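Since the structure comes first, as structure tokens, the remarks are kept for the end.
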Amino acid sequence: MNEIAEETVSKELEREAVTALIMSDKAVLSTREHIDLALFSNFLTKNVAQWCLEFFDKYGKSPKLHIKDL
């Protein structure tokens, strides 16, 4: 694994990534197979990202406003 993939994702990048996973079908579709939740350092953003991926796997789209239901 390369050095970049082994680094912990910054908090700002985590927040941006989770926002994209919540709001964008395209973002989830393009990152689903490559995202490594172990790189998230923040427990809450890691959980929300996991919920988004599970939602996508079940419904084929990002949660958008359904995030409040997760």
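The values are calculated or read from the model by the stated rules, or taken from the named source; none is laboratory data. Computed from a predicted model, the values in this text were never measured in an experiment. For neighbour counting, all protein chains shown are included, and Cβ atoms are generated from backbone atoms with ideal geometry for every residue, glycine included. Each accessible area value is taken on the protein alone, full model and side chains, heavy atoms only, with ligands, DNA and RNA left out. Shrake-Rupley method; radii C 1.70, N 1.55, O 1.52, S 1.80 Å.
Could you give the dipole magnitude of the chain about its Cα centre, charging the beta-carbon of Lys and Arg +1 and that of Asp and Glu -1, in debye to the nearest 20?
Using only the charged Cβ atoms, the result is roughly 440 debye.
Please work out how much length the chain gains when fully extended from Tyr59 to His34, using 0.36 nm per residue of separation minus the C-alpha to C-alpha distance, in nm with one decimal.
Result: 7.1 nm gained on full extension.
Gain in length, Leu70 to Lys11, computed as 0.36 nm per residue apart minus the alpha-carbon separation, to one decimal in nm?
19.1 nm
How tilted is helix 11-23 with respect to the longest principal axis of the chain? Cα atoms for both, answer in degrees (0 to 90, nearest 10).
Between the helix axis and the principal axis of the chain, the angle is about 20 degrees.
When the accessible area of the chain is split by element with a 1.4 Å probe, what percent falls to carbon and sulfur?
57 percent
Please identify the longest segment of the chain free of exposed GluC sites (Glu not before Pro), where exposed means a DSSP state other than H, G, I, E or B and no more than 11 other Cβ atoms within 10 Å.
Free of exposed loop sites, the longest segment is 34-70.
What ³J(HN,Hα) values, in whole Hz, does the Karplus curve 6.51 cos²θ - 1.76 cosθ + 1.60 give for region 39-52 when θ = phi - 60°, with x put for Gly and Pro?
Values, residue by residue: 7, 6, 8, 9, 4, 5, 5, 5, 5, 5, 4, 4, 4, 4 Hz.
Which whole-Hz ³J(HN,Hα) couplings does region 27-36 yield from phi under the Karplus relation 6.51 cos²θ - 1.76 cosθ + 1.60, θ = phi - 60°, glycine and proline marked x?
Rounded to whole hertz, the list is 5, 5, 4, 7, 10, 3, 7, 10, 6, 10.
Please work out how many pairs of lysine residues in the chain are eight or more positions apart (or on different chains) and have Cα atoms closer than 18 angstrom.
7
As I understand it, the dipole of the chain uses +1 on the Cβ of Lys and Arg and -1 on the Cβ of Asp and Glu, about the Cα centre. Which of Asn42, Pro63, Leu21 lies farthest toward its positive end?
In the chain, that residue is Pro63.
Pull out the extension gain between Met23 and Gln50, defined as 0.36 nm times the separation in residues minus the alpha carbon to alpha carbon distance; nm, one decimal.
Full-extension gain reported as 8.3 nm.
For every other residue with a beta carbon closer than 12 angstrom to the beta carbon of Trp51, add +1 if it is Lys or Arg and -1 if Asp or Glu, then tell me the sum.
0
Do the sum for the chain: with -39,500 (n - 2.57) for every DSSP H run of n ≥ 4, divided by all residues, what is the mean residue ellipticity at 222 nm, to the nearest 500 deg cm²/dmol?
So the calculated ellipticity at 222 nm is -17500 deg cm²/dmol.
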